[in-house]
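Written below as structure tokens is the structure these notes are about.
The values are calculated or read from the model by the stated rules, or taken from the named source; none is laboratory data. These figures come from a predicted structure and were not determined experimentally. Note that each Cβ is placed from the backbone with ideal geometry, even for glycine, and that neighbours are counted across all protein chains shown.
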């Protein structure tokens, strides 16, 4: 026999304030981390939104005095892994909507200078492609260590593994990234 369901409880003012403060202070960083994992705006937005839904539901489990960002990054990492497991084996390609503007070249924002655009593309394209080629676990530790500048201990807590595993993944990820960037530049 199933347990009786709890009646819906309205969120308290304290719960609402906690979520609003968290989204205001950490929303952009959470989205940026999700984007670096997914490399896709829509998926990153969904991941960040789902993470804050989890924060909202589990707000009392946050331990004051600990890093909120580490806690929410752990949530994002776990949600991302769950999504990868669900998608495994499915080919996904985004199909543009009929009325969506299409990229046919020629159109460029007026604020971008062609030379700046060229330099940015030459610098970031090899790195972006190399990051895409890393495994999700390698990409996560690389982003947390080299972009977000977390310590090995913090990364271990976020991704849920030992410090030794973090070091190993990070070492492999950096070597793989270096090799892939060099290959891309040579081609």
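Just give me the residues in the range 129-163 being free of Cβ contacts under 8 Å to residues at least 60 places away in the same chain, over 14 Å from residue 39 (Cβ atoms) and touching a helix residue (DSSP H, G or I) at 6+ places or on another chain (Cβ under 9 Å), in sequence order.
137, 141, 145, 146, 151, 152, 153, 155, 156, 161, 162, 163
Scan 22, 48 and give me the residue that is touching a helix residue (DSSP H, G or I) at 6+ places or on another chain (Cβ under 8 Å), buried (at least 17 other Cβ atoms within 10 Å of the Cβ) and at pLDDT 90 or above.
Going through 22, 48 in turn, just one is touching a helix residue (DSSP H, G or I) at 6+ places or on another chain (Cβ under 8 Å), buried (at least 17 other Cβ atoms within 10 Å of the Cβ) and at pLDDT 90 or above: 48.
Of all residues in the range 14-28 being more than 16 Å from residue 50 (Cβ to Cβ) and in contact (Cβ under 8 Å) with a residue 12 or more places away in the chain, which is nearest to the chain's Cα centre (by Cα)?
If we filter the range 14-28 for residues that are more than 16 Å from residue 50 (Cβ to Cβ), which is where we start, we get 14-18, 20-21, 24-25, 28.
Those left that are additionally in contact (Cβ under 8 Å) with a residue 12 or more places away in the chain: 15, 18, 25.
Numbers: 15: 25, 18: 22, 25: 17 Å.
Per the stated criteria, the residue is 25.
Would you tally the residues in the range 63-72 being surrounded by fewer than 15 Cβ atoms within 10 Å (Cβ to Cβ) and in contact with a helix residue (DSSP H, G or I) (Cβ under 6 Å, 6 or more places away or on another chain)?
Count: 0.
Among the numbered criteria (1) at pLDDT below 85; (2) assigned to a helix (DSSP H, G or I); (3) surrounded by fewer than 13 Cβ atoms within 10 Å (Cβ to Cβ); (4) within 21 Å of the chain's Cα centre (by Cα), which single criterion is violated by residue 90?
Unmet for residue 90, out of (1) at pLDDT below 85; (2) assigned to a helix (DSSP H, G or I); (3) surrounded by fewer than 13 Cβ atoms within 10 Å (Cβ to Cβ); (4) within 21 Å of the chain's Cα centre (by Cα): (2).
What are the residues in the range 135-159 that are surrounded by fewer than 16 Cβ atoms within 10 Å (Cβ to Cβ) and modelled with pLDDT under 90, if any?
Within the range 135-159, the first condition is being surrounded by fewer than 16 Cβ atoms within 10 Å (Cβ to Cβ), and the residues that meet it are 135-136, 146-147, 149, 151, 153.
Matches in the range 135-159: 135, 136, 146, 147, 149.
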